[in-house]
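These notes are about the structure you will find just below.
The values are calculated or read from the model by the stated rules, or taken from the named source; none is laboratory data. Quantities reported herein were computed from a predicted structural model and do not represent experimental measurements. All Cβ positions, even for glycine, are placed from backbone atoms using ideal geometry, and neighbour counts span all protein chains on display. When the accessible area is computed, the model is the full protein with side chains, heavy atoms only, and any ligands, DNA or RNA have been set aside. Shrake-Rupley method; radii C 1.70, N 1.55, O 1.52, S 1.80 Å.
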Amino acid sequence: MLKYLKRISFLINRIFFPSNMKITGKCRQCGECCRNIIIINEGKIIKDLTVFEQIKDSDPFYQNLIFHKICESGFLRFTCLYLLNNRCSAYQSRPVICKHYPSVRMFKYGGALTENCGFAIEARKSFSYFLDNQR
């Protein structure tokens, strides 16, 4: 039960108080983030490959992505072709999305870290802090 309450608290923080969230940890250079890219277009996560094909020419970065799989939540996952031996072959000129990974913003849209990622997302202040200070 406590596990579910913590998960609900995390989701509420992520959705309603994104500025309260912070990223901790460091990259383990496993390459999983580059194999599981989710694309956000016009504020929505892409769930249809035809939509991706329609916007593919709008951003040069998209030209380097290939469809990988559909995850449990229905989001399309892409793999970046710049990834070679778990390293970015275009690291010095990598796109902004990569430079800022992970970002708190991605969690607002439903993104998540891969299971073995060295990064973590945490609340700066607990949800109860906000409830207690509403009076």
Here's a check for you: in region 25-54, which residue that is assigned to a helix (DSSP H, G or I), in contact (Cβ under 8 Å) with a residue 40 or more places away in the chain and touching a helix residue (DSSP H, G or I) at 6+ places or on another chain (Cβ under 9 Å) is farthest from P95 (Cα to Cα)?
C33
A careful count of residues in region 71-85 that are open to solvent by 60 Å² or more (accessible area, probe 1.4 Å), aliphatic (A, V, I, L, M) and in contact with a helix residue (DSSP H, G or I) (Cβ under 9 Å, 6 or more places away or on another chain) gives 1
Considering only region 55-68, I want to know if a residue exists there that is within 28 Å of R124 (Cβ to Cβ) and either in a helix (DSSP H, G or I) or open to solvent by less than 30 Å² (accessible area, probe 1.4 Å) (or both).
no
